[in-house]
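These notes concern the structure reproduced below.
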Amino acid sequence: MPVRLLQEKLSSSYTTTTPITVPPKGSLQNEGEKLEKISLYLAEDIRPEMKDDIYDPSYQDAEGPRPKLEYVWRNIILMGLLHLGALHGLTLVPTCKFYTWLWAYFCYWTSIEGIGAGAHRLWSHRTYKARLPLRLFLIIANTMAFQNDVYEWARDHRAHHKFSETDADPHNSRRGFFFSHVGWLLVRKHPAVKEKGRTLDLSDLRAEKLVMFQRRYYKPAVLLMCFILPTLVPCFCWGETFLHSLYVATFLRYAVVLNITWLVNSAAHLYGYRPYDKNIEPRESPLVSLGTMGEGFHNYHHAFPYDYSTSEYRWHINFTTFFIDCMAVLGLAYDRKKVSKAAILARVKRTGDGSHKSD
């Protein structure tokens, strides 16, 4: 049976199936080892319109010492105050009203989906398409998450994928857990991040009016969605005290969202197995996936950044995939990209560390 037909048959259980054609080894033999690696990464992509989030193994850091760190004291102070407020919020949790807990969790879930289903899977990687009502919800949810506007988030994330674990990676995990977790936000970006970031094709983001509208009005929108609305709703809707609303529903919830999503950059790049590609640092982290609703299967995601599920196993510890599938049932999401089982197993055999269940 031809490879193409086999791939389609094995992936037929998915809502959207896109065949993946890997070029024969013979076609790469004369290009050299480095070109062969690049070609293999690019050849597996199932989105012909986009390549700038595909890992580029040819990029190497420049020799010599790194530039001196420049601290961003505004960010250091604000981040410190936020976490102090969150710690005080922890002491107030037991005396909160039940509806305040539910509201804080709802804001947490909304923020996580604004990052995972929105900035990450939709806008950074274009792994599926969304109609206007869903895009509108995701842009609002992303604003509540307050982790930079979608344009900047997607730009940094594409650089993170293409130049992973180099100085051009905004949160390079080789600089340690703290740097990849939060430290990268507390210092000026390495010059390589800016230099290589300017080479990325972001025309798809600039062409989307909703993304650019958010970017234009981001500061007042964040003030409303991340701070004012989460604080006022408990006060006016069920009589919660202002302090409980501010410290629990706003500061504590926001700090938890930040740290949970940051774990994808830190813990999921340092601890765990690499069943799909042992040559890259991202790891499989079910615990991170639990907190982020599906973003912790990181070795798979970096091996196949074009898969809308970010995981081989779809709904397994992956609420965001379930959410996108529900949106597809409603007709709001479509053209979901899914890697075929044949392509996954081929990658496991070629570059996996032997921990995949098929081994």
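Throughout, read-outs are computed from the coordinates displayed, never taken from laboratory work. Here the structure is a predicted model, which means the values were calculated and not measured. FYI the Cβ positions are ideal-geometry reconstructions off the backbone, even for glycines, and counts take in every protein chain you see.
So here's what we get for this one:
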read-out: Span from the segment 111-130 Cα centroid across to the segment 215-271 one, whole angstrom; value: 19
read-out: Pairwise label distance in nanometres, residue 229 with residue 177, each label 7 Å out on the Cα-Cβ vector; value: 3.5
read-out: Computed E for residue 210/residue 334 - FRET, C-beta separation, R0 25 angstrom, nearest 0.05; value: 0.90
read-out: Shape category assigned to segment 191-296 from the gyration tensor of Cα positions, a/c cut at 1.5; value: oblate
read-out: Relative packing of 89-98, 228-237, 315-324, which averages over residues the other C-beta atoms within 10 Å, highest first; value: 315-324, 228-237, 89-98
read-out: 5 angstrom amide H check on residue 297, placed H, neighbours 5+ away; value: 285
read-out: Mean ellipticity per residue at 222 nm, deg cm²/dmol - from DSSP H runs of n ≥ 4 across the chain, formula -39500 (n - 2.57); value: -14000 deg cm²/dmol
read-out: For peptides 59-66, 182-189, 206-213, sequence by mean Cβ density within 10 Å, most packed first; value: 182-189, 206-213, 59-66
read-out: Inter-part distance where segment 288-307 and segment 72-108 are each reduced to a Cα centre, Å; value: 26
read-out: Mean Cβ count within 10 Å, highest first, over the residues of peptides 339-348, 247-256; value: 247-256, 339-348
read-out: Hydrodynamic radius by Kirkwood, which averages 1/r over all alpha carbon pairs of segment 212-359, in angstrom; value: 17.7
read-out: Of 259, 142, 172, the one that fluctuates the most in a GNM where the chain has Cα springs shorter than 10 Å; value: 259
read-out: R0 of 45 Å, Cβ-Cβ distance residue 243-residue 346: FRET efficiency to nearest 0.05; value: 0.20
